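Shown next, in structure tokens, is the structure this report addresses.
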Amino acid sequence: MITPKTIITVASVAAAALTLTACGVASPQASDPAEPQAIRSSAVDEPSSLPTQAAPSASTSPSTAGEADTDAPEDPATSTDDGVRVTSGTLTQDEILRQLPADTLDQTPEAAAKLLGFYLNLEYAMHADPYDTRLFTALSLNDCAYCRDALAQVAVSAYSSVTYTTDGCQWEDVAPGTEEGYMFIESDGSWLISQVCDGTTVAVSRPGVSDAETAVAPACATGRVGWNGTNWMIGDVAMGGFSDCPWITEE
């Protein structure tokens, strides 16, 4: 199990080289819905409190986390005023946990890293009918700029009936078997974690346009991941090229 080799405070996060620049990494967060483009960099700033439950409206600290919400969810919405068919709504805590891989459920940094990889691949999965944003939203903290941008792009894809098909990235530790790529943030108990992917491909389908396949370059994702008392959640993500990874240095 990874243990916090270095306990850091919010003030020292800025020195962790987190202002990554995107380097040709394909993503659903693209200005042209017909083809994935570079993911915009989103620096991980000062962490805010983690919510009591996996819902975008909560804002309490992990130390005061209460019981998981098991009430019946509202019916998912499948349209907006603009006619964009995106499936949104609130999931119960039980529904969230049933959809998460077993290796993401432990309160360990290794499980937090697995959740980060699952979350990044889930971003692509939203770009297909029924354009379901509920789980992604439930795993996103209120102040996550990357998360908001990702959700906005789903509406763009839905409006144009764009579909992405991919097996996703195989996200792995920066240096498997070591503590590299893991930092513990003392102020709120969250983790700053980097994961790397050697690349993958994304098939893009759009009505009236020939299907296209786009290569996804090797990438490094650095995410702030916090425990809400029941499951891990994403506070923000900085995405860059493989060489931009804060923990990777040239020989």
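Within the range 104-171, the percentage of alpha carbon pairs spaced more than 16 angstrom apart rounds to 50%. Residues whose amide H comes within less than 5 Å of that of V216, counting only those at least five positions distant or on another chain, are T200, T201, V202 (H built at 1.01 Å from N in the peptide plane).
Would you order S243, S210, S157 from fewest to most other beta-carbon atoms within 10 Å of each residue's own beta-carbon? If you can, show how the numbers build up before the last one.
Working: S243 11, S210 7, S157 24.
Arranged by neighbour count, lowest to highest, S243, S210, S157 become S210, S243, S157.
Karplus-derived 3J(HN,Hα) values for the range 222-231, using 6.51 cos²θ - 1.76 cosθ + 1.60 with θ = phi - 60°, are 10, x, 9, 10, x, 8, 9, x, 9, 8 Hz; glycine and proline are entered as x. Take every Cα pair under 8 Å whose residues are at least 6 apart in sequence, average their separation, divide by the length of the range 146-218, and the relative contact order is 30 percent. Rounded to whole numbers, the Karplus 3J(HN,Hα) couplings from phi for the range 156-161 are 5, 5, 4, 4, 9, 6 Hz, using 6.51 cos²θ - 1.76 cosθ + 1.60 with θ = phi - 60°, and x at Gly and Pro. Per-residue Karplus couplings for the range 113-129, computed as 6.51 cos²θ - 1.76 cosθ + 1.60 with θ equal to phi - 60°, are listed in order as 5, 5, 5, 4, x, 4, 5, 5, 6, 5, 4, 5, 4, 5, 8, 7, 4 Hz, Gly and Pro entered as x. For D236, the residues 5 or more places off, or on other chains, whose built amide H falls under 5 Å of its own are R224.
Scanning residues 5 or more positions from D132 or on other chains, those with amide H under 5 Å from its amide H are T87, with H placed 1.01 Å from N in the peptide plane. As a rough footprinting exposure proxy, the listed residues E123, E186 were ranked by other beta carbons within 10 Å of their own, and the order from fewest upward is E186, E123.
Laboratory data are not the source of any read-out in this text; all were calculated from the coordinates shown. A quick note: this is a predicted structure, and the numbers were derived from the prediction, not measured. Cβ coordinates were reconstructed from backbone atoms using ideal geometry, including for glycine residues, and neighbour counts include every protein chain displayed.
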